[in-house]
Amino acid sequence: MSQGTPDYQDADLVLRVYEMRRESVMRASRDAFNGKFWPASYDDVKAIATQGHELNAAYRQLGTYWEMVYGLVKHGIVNTEFFMETNGEGIFLYAKLEPYLEQLRKDFNPNILRNTEWVAKETERGRMLATLFKARVQKVLESKR
């Protein structure tokens, strides 16, 4: 993990990641997935992972995006704590999928959300956000029953 004081390169990467999140297709994917997808079962997750589902493109866009940027964290390319101060949204994706990850990896791809999971478990802010977002997801799912 990148340690010490964040530098210009860290700041530049954080700003670039932010700019990518503002791109119109990414913004639409974020809005669709974050607002519409509340999996209550593995069947819900399996459905979006299958091509043809209305949220499949958003799922793939967000999953690959967060895997890419969290890879920067996992491999020490960017200062971990500085990066995680403003880039926790991918942990929300993880919180929605975490109960089903083992089966999702068996059925589709053994590498799904590996970097995201690492950040959620191995960084202080990632653990805090995972706890927060899992509770939020649970609350929404309970209100939908």
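For the range 60-75, indicate whether the set of residues that are farther than 24 Å from residue 135 by Cβ, open to solvent by less than 60 Å² (accessible area, probe 1.4 Å) and more than 13 Å from the chain's Cα centre (by Cα) is non-empty.
So far as the range 60-75 goes, yes, one or more of its residues are farther than 24 Å from residue 135 by Cβ, open to solvent by less than 60 Å² (accessible area, probe 1.4 Å) and more than 13 Å from the chain's Cα centre (by Cα).
Is it true that residue 52 is of a type outside the set (Ser, Thr, Tyr), farther than 23 Å from residue 138 by Cα and open to solvent by 10 Å² or more (accessible area, probe 1.4 Å)? Walk me through how you get there before you give the answer.
Values: of a type outside the set (Ser, Thr, Tyr): yes; farther than 23 Å from residue 138 by Cα: yes; open to solvent by 10 Å² or more (accessible area, probe 1.4 Å): yes.
Yes: the conditions hold for residue 52.
Restricting attention to the range 104-133, and to residues there that are open to solvent by 30 Å² or more (accessible area, probe 1.4 Å) and among the hydrophobic types (A, V, I, L, M, F, W, C), which single residue is nearest to residue 80 (Cα to Cα)?
118
For residues in the range 84-103 being within 14 Å of the chain's Cα centre (by Cα) and over 26 Å from residue 42 (Cα atoms), which is surrounded by the fewest Cβ atoms within 10 Å (Cβ to Cβ)?
86
Can you tell me which residues in the range 1-36 are assigned to a helix (DSSP H, G or I) and among the hydrophobic types (A, V, I, L, M, F, W, C)? Explain how you work it out, then say what you get.
Pass one, the range 1-36, residues assigned to a helix (DSSP H, G or I): 8-22, 24-36.
Hits for the range 1-36 are 11, 13, 14, 15, 17, 20, 25, 26, 28, 32, 33.
The values are calculated or read from the model by the stated rules, or taken from the named source; none is laboratory data. In this text the structure is predicted, and so the values were computed from the model without any measurement. Every residue, glycine among them, receives a Cβ derived from its backbone with ideal geometry; neighbour counts consider all protein chains shown. Quick note on the areas: whole protein, heavy atoms, side chains included, nothing else; ligands and nucleic acids left out. Shrake-Rupley method; radii C 1.70, N 1.55, O 1.52, S 1.80 Å.
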